[in-house]
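First up is the structure itself, then whatever we jot down about it.
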Amino acid sequence: VERQFLTNSCLSCPALLPFLISRNKQGQTRYSSYYEWISMEERTALESEIIRKCLSRSELQCSFLEYRGYKVIYRRYASLFFIVGTKPDVGGENENTENELGLLEFIHTLVETMDKWAGSICELDIMYQLEDVHFLVDEMVQNGYIIETNRTNILRPIALMERESAKAESMFR
């Protein structure tokens, strides 16, 4: 099956998702991926401040907030927060306005895909299989653009990789 990718022909255009972060309730980053350049100091501060804002909000409040020039969309699953950032449309000037509910659904699709891959995803799965989590997210997002949301298409290369890895391990036993 040939896959078609949506590519950005303009390298200077802002990314759809400047960042994707997963943090626990204690504020520890479990996964982060940045699709535009942000210095390490700024990343650390941004992640800490965003999780503080998320933790301070009640469950009755919406899952969208604006912070430091980003529109932040988050969703909590057990002890983990999955957070995506996008650029808000300021004065109608931004061509890349994003649907917040669509990004909330993307977070849910990401977590459902992780659940299908790892059984029931938990913080330890992300910590101990971080490389696989990066691979999974890279199947869904490239250069900040969501390119795939079909779980079967996302998990197929991961299953192939795991199968080949098992073959290689059995050769050396």
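Taken together, the values in this text are just the output of simple stated rules run on the coordinates, not laboratory data. Remember, it's a predicted structure, so these values are computed and weren't measured experimentally. FYI the Cβ positions are ideal-geometry reconstructions off the backbone, even for glycines, and counts take in every protein chain you see.
Which of the lysines could be linked to LYS116 by a straight reach, that is with a Cα gap under 28 Å, when you skip same-chain ones fewer than 8 residues away?
In chain and number order, the partners are LYS25, LYS167.
How far apart, in nanometres, would the label points at ASN99 and GLN61 be if each is projected 7 angstrom from Cα along the Cα-to-Cβ direction?
The modelled label-to-label distance comes out at 2.6 nm.
Can you compute 3J(HN,Hα) from phi for each residue in segment 32-39, using the Karplus curve 6.51 cos²θ - 1.76 cosθ + 1.60 with θ = phi - 60°, rounded to whole Hz and x for Gly and Pro?
8, 9, 10, 10, 9, 6, 9, 5
Want the number for PHE135 to PHE172: 0.36 nm per residue separation, take away the alpha-carbon distance, what's left?
My answer for the length gained is 10.8 nm.
Using a basic spin-label model with each label point 7 Å from the Cα along Cα→Cβ, how many nm lie between MET40 and ASN153?
Taking the two extended label points, one gets 3.7 nm.
May I ask you to evaluate 6.51 cos²θ - 1.76 cosθ + 1.60, the Karplus curve with θ = phi - 60°, for each residue of segment 155-165 and list the ³J(HN,Hα) values in order in whole Hz, giving x for glycine and proline?
7, 4, x, 5, 5, 4, 4, 5, 5, 5, 5
Given N residues in the chain, what is its alpha carbon radius of gyration divided by 2.2 N^0.38 Å?
On the way: Rg = 17.1 Å, N = 173, 2.2 N^0.38 = 15.6 Å.
The value comes to 1.09.
If you line up the long axis of helix 40-56 against the longest principal axis of the chain, both from Cα atoms, how many degrees apart are they, to the nearest 10?
80 degrees
For every helix of n ≥ 4 consecutive DSSP H residues, a contribution of -39,500 (n - 2.57) applies; sum these over the chain, divide by its total residues, and give [θ] at 222 nm rounded to the nearest 500 deg cm²/dmol.
It comes out at -14000 deg cm²/dmol, rounded to the nearest 500.
Under the Karplus relation 6.51 cos²θ - 1.76 cosθ + 1.60, θ = phi - 60°, what is the ordered set of whole-Hz ³J(HN,Hα) values for segment 103-115, x standing for Gly and Pro?
Couplings: 6, 5, 5, 4, 4, 5, 5, 4, 5, 4, 5, 5, 4 Hz.
Count charges around SER170 for me, please; just the other residues with Cβ under 14 Å from its Cβ, Lys/Arg as +1, Asp/Glu as -1.
0
Name the long-range amide H neighbours of PHE19: under 5 Å, sequence gap of 5 or more, or other chain; modelled H, no Pro or chain starts.
Placed amide hydrogens put TYR35, GLY85 under 5 Å from PHE19.
Taking neighbour Cβ counts within 10 Å as the exposure measure, how do MET127, MET114 sort from fewest upward? Working shown, then result.
Numbers: MET127 13, MET114 27.
Starting with the residue having the fewest Cβ neighbours, the order is MET127, MET114.
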